[in-house]
Amino acid sequence: MKRHLISAADLTRDDALLVLDTAEELAHIAERPIKKLPTLRGRTVVNLFFEDSTRTRISFEAAAKRLSADVINFSAKGSSVSKGETLKDTALTLQAMGADAVVIRHGASGAPHTLANSGWLRGSVVNAGDGTHEHPTQALLDAFTMRRRLNDGKGDLEGRRITIVGDVLHSRVARSNVLLLATLGAEVTLVAPPTLLPIGVETWPCQVSYDIDSTLAKSDAVMMLRVQRERMNASYFPTEREYSRRYGLDEKRMAALPEHAIVMHPGPMNRGMEIAANVADSPRSTIVEQVTNGVSVRMAVLYLLLGGSEPAVTTTATEENAK
Amino acid sequence: MSTYLIKNAKVLGGDAQDVLISDGRIAEIGTGLAAPDATQIIEADGHVLLPGLVDLHTHLREPGREDAETVETGTRAAALGGYTAVHAMANTDPVADTAGVVEQVWRLGQESGRCDVHPVGAVTIGLNGERLAELGAMHESAANVKVFSDDGKCVHDAVIMRRALEYVKAFDGVVAQHAQEPRLTEGAQMNEGTVSGILGLRGWPAVAEEAIIARDVLLAAHVGSRLHICHVSTAGSVEIIRWAKSKGWDVTAEVTPHHLLLTDELVRSYDPVYKVNPPLRTAEDVAALREGLADGTIDAVATDHAPHPTEDKDCEWAVAAMGMLGLETALGIVQQTMVESGLLDWAGVADRMSVRPARIGRLDGHGRAIAVGEPANLVLVDPSARRTVEPSELASKSANTPYAGLELPGRVAATFLRGVPTVIDGKLA
Ligand SMILES: [Zn+2]
């Protein structure tokens, strides 16, 4: 694996499978009474969040703590981020504090890339979502969830048909998912109104459709992306009602899915907009599972970036004998 | 005033000749010229002699951003780049939208003495695109402004643009348009295309430039004015300008060195040194721009030299300033992209980097033939030299060159401004 995780494209097929397999092992820790491993004891993980995202921050925090790392939460939101010095100065501070890994969430596409490549700090950088660019650990947890539901938690996703619906243009989740799912052999179809697809999407390793109904019957999983209501004001679509009618997943559409197909959403949801409440709460929905799986996957990522060659989980590992 | 004898220089890349400079003018041209007493001899075997370069588009940053560049440091960079005249853009602080500001810049240029500085006047007050600045007063000032531009911003209102085009006809002025439809480029970070989609950076579509150029050539034709287009960056723009010229309309255009060489693939690094406006485009655009410059559709190479201090570039892409240095590398880029590719000969370089830009700016003393009696505004280039661009060695006060570490052909050996060397042996005189 590379030293940083900035883009899902940083992962080869073997890297991705290693993360997923490691996450499977680590997931079992969560079932134990003591959910903690000594693996990263003495290492410092900084959660550097320039954007509010309690869910993602808590997930990384839980992951790091279960591996016994010291966690520092650094919320830079609200401070003046208009000048780029902020990122640089913050990085230099973290370097001085001896951060082994920096988990960064930033509103600007490319900020984690800059942090990793600027020479400002030496630790590993994990992209926890940057602007409209990427969110690779979300893609990993999504793939983990699909693999569990569709493939018994083993192997890749060869031949699986995944449909991603919604605001692809502004979605870092979509970008990372397309890249990772292609690496894992899945067949991805993006569905969106043409206004919410980026120029050049035809060069991505996926299919594109404007029509959700023609794709559902052949989908193993359908992932609904959050659509921000303010997009309506910029005329990406006429009204919420029309968006929901043309691209929302309601019960009728869910019924068109194959028996085994799952419904995913990276959260936070707009119930009634891109996804009907009954769909979100249905047994096909993996939305809560995705949150649980997020911790295992992020443990795997932190372990593999920081943990060195020791196995992540030894059969006898406990707090005591690991010393 | 000293005399100089340049020996065995290839005038416009042609046969080797001796050129005697005396009293600020070219006194004699020939072979085996005798040197009068007290003449400094410059051996120029293999060197190419061109008229001093003229830049239509330079940001000298003074007044207001003296931390990035001053007239003094910018004209040093210009002289080292082979320039004898530059047009200083109006987007200073305060904006050059009054006779007072343009005269201040003009005077600073006079004091520097290394390169003529011709201030560009703003088209509208404060570059706001709403009310015409006092164009006539700027023209009548000591700065004698003939080029007007809101560069950095587009004169987007069609009525204001029409009025400006018409108004400056009274004194043979020209409006230089920064073609950027504002609504299509809100928050734009890079060329809109395959790369922007992958990087998740807001796109700056080619059509935002082309739509304004199309509108403005039609406006210029309608009111019978001349129009200049700044930093053309797309293949479509070249097509529109080619069409406008085929109609006989008085439209001219410039291209920057960086748009002749660099593409948006470089943005994959998220390195803000590649952030510029208009943005780096695709390889197809680069090819079309080179072709347009070669066939004369594009009249001039203009640097859009845009210095920025380190803190405005050593940061994440989204908050970085747009612009890159150009004066000290322009000729090398043109040699590499146009001469070594066979698209232009040295006479063509002289035409696109001196003769035509001087004509567009209506500068009488620049862009002249290399002939007896002409003012000795000259640049001597060693085309066989190669150099690696080292930002800290540049004379500019800023270091935001996208060419750091790149080996470029050619070296400016000497620059003469009205017979006085501003650069000699590749160093400031
Ligand atoms: Zn401009």
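Checking each residue in the range B:229-259 for being touching a residue at least 60 places away in the same chain (Cβ under 8 Å) and more than 13 Å from the chain's Cα centre (by Cα) picks out B:VAL238, B:THR252. Scanning the range A:63-80 for residues that are modelled with pLDDT under 85 and open to solvent by 40 Å² or more (accessible area, probe 1.4 Å) returns A:SER75, A:LYS77, A:GLY78, A:SER79, A:SER80. Condition check for B:ARG368 on (1) open to solvent by 30 Å² or more (accessible area, probe 1.4 Å); (2) over 16 Å from B:GLY24 (Cα atoms): one failure, at (2).
With respect to A:ARG231, is the statement that it is surrounded by fewer than 17 Cβ atoms within 10 Å (Cβ to Cβ) and modelled with pLDDT under 95 true? No: the conditions fail for A:ARG231. Scanning the range A:49-77 for residues being of a type in the set (A, V, I, L, M) and in contact with a Leu (Cβ under 7 Å, 6 or more places away or on another chain) gives a total of 5. Kindly establish whether B:THR234 is surrounded by fewer than 24 Cβ atoms within 10 Å (Cβ to Cβ) and within 16 Å of the ligand (Cβ to nearest atom). Here the answer is no, as B:THR234 does not meet what is asked.
Comparison of A:ASP211, A:ASP152, A:ASP156 shows that the only residue that is at pLDDT below 95 and open to solvent by 10 Å² or more (accessible area, probe 1.4 Å) is A:ASP152.
B:GLU209 - would you say it is more than 16 Å from the ligand (Cβ to nearest atom) and more than 30 Å from A:PRO136 (Cα to Cα)? No; evaluated as a whole, the condition is false for this residue.
Conditions (1) in the same structural domain as A:ARG298 (by TED's automatic domain parsing); (2) among the polar types (S, T, N, Q); (3) assigned to a helix (DSSP H, G or I), marked per residue:
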residue: A:THR22; (1), (2), (3): yes, yes, yes
residue: A:ILE29; (1), (2), (3): yes, no, yes
residue: A:GLY42; (1), (2), (3): yes, no, no
residue: A:PHE74; (1), (2), (3): yes, no, no
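From the list A:SER171, A:SER118, A:SER109, the lone residue that is facing chain B (nearest Cβ under 10 Å) and within 21 Å of A:SER59 (Cα to Cα) is A:SER171. Mind listing whichever residues of the range A:234-265 are part of a loop (DSSP other than H, G, I, E, B) and either open to solvent by 20 Å² or more (accessible area, probe 1.4 Å) or among the basic types (Lys, Arg) (or both)? Of everything in the range A:234-265, those that are part of a loop (DSSP other than H, G, I, E, B) and either open to solvent by 20 Å² or more (accessible area, probe 1.4 Å) or among the basic types (Lys, Arg) (or both) turn out to be A:ALA234, A:SER235, A:TYR236, A:PRO238, A:THR239, A:ASP250, A:ALA256, A:PRO258, A:GLU259, A:HIS260.
Every listed requirement among (1) part of a strand (DSSP E or B); (2) more than 14 Å from every other protein chain (Cβ to nearest Cβ); (3) without any contact (Cβ under 8 Å) to a residue 60 or more places away in the chain is met by A:MET223 save one, (3).
Condition first: open to solvent by 60 Å² or more (accessible area, probe 1.4 Å), within 14 Å of another protein chain (Cβ to nearest Cβ) and under 22 Å from B:GLY197 (Cα atoms). Can you find one or more residues in the range A:179-189 that meet it? No; the residues of the range A:179-189 include none that is open to solvent by 60 Å² or more (accessible area, probe 1.4 Å), within 14 Å of another protein chain (Cβ to nearest Cβ) and under 22 Å from B:GLY197 (Cα atoms).
Quick check on B:VAL168: is it away from the ligand (no atom under 16 Å from the Cβ), away from chain A (no Cβ under 14 Å) and under 24 Å from the mean Cα position of the chain (by Cα)?
Judged against the criteria, B:VAL168 is a match.
Among the residues of the range A:121-134, those identified as in a strand (DSSP E or B) and either within 14 Å of another protein chain (Cβ to nearest Cβ) or under 15 Å from A:ASP89 (Cα atoms) (or both) are A:VAL125, A:ASN127, A:GLY129, A:ASP130, A:GLU134. For A:ASP10, the conditions (1) loosely packed, with under 15 Cβ neighbours inside 10 Å; (2) within 20 Å of A:PHE144 (Cα to Cα) all hold with the exception of (1). Exactly one residue out of B:ALA318, B:ALA288 is open to solvent by 10 Å² or more (accessible area, probe 1.4 Å), more than 14 Å from the ligand (Cβ to nearest atom) and within 11 Å of another protein chain (Cβ to nearest Cβ), and it is B:ALA318.
The condition of being touching a helix residue (DSSP H, G or I) at 6+ places or on another chain (Cβ under 7 Å), in a loop (DSSP other than H, G, I, E, B), open to solvent by 10 Å² or more (accessible area, probe 1.4 Å) and not hydroxyl-bearing (Ser, Thr, Tyr) holds for only one of A:MET269, A:MET273, that being A:MET269.
Looking only at residues in the range B:186-209 that are part of a helix (DSSP H, G or I) and open to solvent by 40 Å² or more (accessible area, probe 1.4 Å), which one is nearest to the other protein chains (Cβ to nearest Cβ)? Checking each candidate, the answer is B:THR194. On inspection, A:ARG175 does not qualify as assigned to a helix (DSSP H, G or I), outside the structural domain of A:SER53 (by TED's automatic domain parsing) and open to solvent by 30 Å² or more (accessible area, probe 1.4 Å).
For the subset of the range B:174-185 comprising residues that are touching a residue at least 40 places away in the same chain (Cβ under 8 Å) and not in a strand (DSSP E or B), which member is nearest to the ligand (Cβ to nearest atom)? So the residue we want is B:HIS178. Screening the range B:212-231 for residues that are more than 16 Å from the ligand (Cβ to nearest atom) and crowded, with 20+ Cβ neighbours inside 10 Å and picking the one that is nearest to the other protein chains (Cβ to nearest Cβ) gives B:VAL217. Pairs meeting the criteria (first residue in the range B:298-314 and within 14 Å of another protein chain (Cβ to nearest Cβ), second residue of a type in the set (Asp, Glu), beta carbons under 8 Å, at least 6 apart or on different chains) are B:PRO309/B:ASP67; B:GLU311/A:GLU85. I'd like to check something: does the range B:265-285 contain any residue that is closer than 18 Å to B:TYR403 by Cβ, within 14 Å of another protein chain (Cβ to nearest Cβ), of a type in the set (A, V, I, L, M) and open to solvent by less than 40 Å² (accessible area, probe 1.4 Å)? Yes; the residues of the range B:265-285 include at least one that is closer than 18 Å to B:TYR403 by Cβ, within 14 Å of another protein chain (Cβ to nearest Cβ), of a type in the set (A, V, I, L, M) and open to solvent by less than 40 Å² (accessible area, probe 1.4 Å).
The values are calculated or read from the model by the stated rules, or taken from the named source; none is laboratory data. Every value quoted in this text rests on a predicted model; they were computed, and no experiment measured them. Don't worry about glycine lacking a Cβ; one is built from the backbone with ideal geometry, like all the others, and counts go over all protein chains shown. Accessible surface is based on the protein model in full, side chains and every heavy atom, while ligands, DNA and RNA are left aside. Shrake-Rupley method; radii C 1.70, N 1.55, O 1.52, S 1.80 Å.
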